[in-house]
Amino acid sequence: MQPAGKKAIQWLSSTELSLILFGLLAAAALPGTLLKEQRGYYHHPLFTLLLVLFGLHLTLCTIRRWRNLAATTLVVHAGVLIVLAGGVLTATGYVATINIYEGESSSNVYRWDLQKDVPFGKEIRVARIHTEFHPTPLQIGVMKGDEKYSLKTLSTGESFRLDNYTVRADRFDPWKETVSLTVTQGSTPLGTADTSGATTLPSGFPFSFKLVAFKDAVIKRFWVDLELLENGRRVMAGTTEVNRPLNWNGLDFFNTQISLDDEKRPYAGLQIVRDPGKYVVYAGMTILSLGAVAAWYRRFFRK
């Protein structure tokens, strides 16, 4: 009859326990895929505990059987253990969000793990919001003095002839409902104008422009010039957008949205992510993939 301790170790490193723990992890992970805020779910202590238990179990299995395991299998086990370690490290991070008006700043952020506003430690400033839209159909009225001269229908990026001038609709700003125009005469640039009345054209230029109608603009890209200030001194500046975060001191700053408030004031939504396990997970996935490819090659091609 085997000692109780030996039987316990055998069970703790058994295939049956592997299936139980893997099933629990799968069952626990599935509901999180249906949630909008996933990080809070996967950061829950119970989910982290399952990762730790599975990692300890896999470590024990590997130690007990390492002499009988192929090198490729050991590499796969190592990759899985590193991924699990990265997942546990990730659980120590956080996600914070904040909305900031263009040209303004904030020193507090909302921490989703704490469910409250907390000081960030630096002043976050949205220096400028940038937008880029798909070509938008427009109707631009041309005035000569105080009289209507013509009506032009075109899309942004296109040009029209106006006597011996060429007028190009460079950009449409749906927030301000203005079109920026460039005027050339032959190959010579004369200046710029917009449909709100601003112009750099020569004082004798006979035409002005008004926006008559437009279709809804579809945004193509948006990004934000971001600054961090400490005691009024800038310690970081850069650009952030949805899939290209600005990284600083272990934090990723994502621009998740831009919008207007009821008074037509533009603001940017920012998400700040601290994920200390991110690169550990990347390394583990790389090792796991290499081990899997090597095991596949060994199984099917090695003579």
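Determine the dipole magnitude for segment 182-279: charges of +1 sit on the beta-carbon of Lys and Arg, -1 on that of Asp and Glu, nothing else is charged, the reference point is the Cα centre, and the result goes in debye to the nearest 20.
220 debye
Going down the list 122/220; 210/264; 116/176; 144/220, which pairs span over 28 Å between their C-alpha atoms?
122/220; 116/176; 144/220
Could you give me the ³J(HN,Hα) list for segment 90-107, computed from phi with Karplus coefficients 6.51, -1.76, 1.60 and θ = phi - 60°, whole Hz, x at Gly and Pro?
Running phi through 6.51 cos²θ - 1.76 cosθ + 1.60 with θ = phi - 60° gives 4, 5, 7, x, 7, 10, 10, 9, 7, 9, 9, 5, 4, x, 10, 9, 8, 9 Hz.
Name the residue from 43, 183, 136 whose Cα lies farthest towards the positive end of the charge dipole of the chain, charges +1 on Cβ of Lys and Arg and -1 on Cβ of Asp and Glu.
So the residue we want is 43.
Considering every pair of different Cα atoms, what Kirkwood radius, in Å, is found for the chain?
Its Kirkwood hydrodynamic radius stands at 24.8 Å.
In debye, nearest 20: dipole of the chain around its Cα centre with unit charges on the Cβ of K, R (+) and D, E (-)?
1900 debye
Thinking of segment 135-214 as a set of Cα atoms, what percent of all their pairs are more than 19 Å apart?
27 percent
Quote the charge dipole size of segment 135-214 about the Cα centre in Debye, to the nearest 20; the model charges only the Cβ of Lys and Arg (+1) and of Asp and Glu (-1).
The calculated dipole for segment 135-214 is roughly 100 debye.
If I fit a long axis through the Cα atoms of helix 45-65 and take the longest principal axis of the Cα atoms of the chain, what angle between them do I get, 0 to 90°, rounded to 10?
So the inclination is approximately 50 degrees.
No value in this document is a laboratory result; all are computed from the given coordinates. Computed from a predicted model, the values in this text were never measured in an experiment. Because the Cβ atoms are built from the backbone with ideal geometry, glycine has one as well, and the counts that use them run over all protein chains shown.
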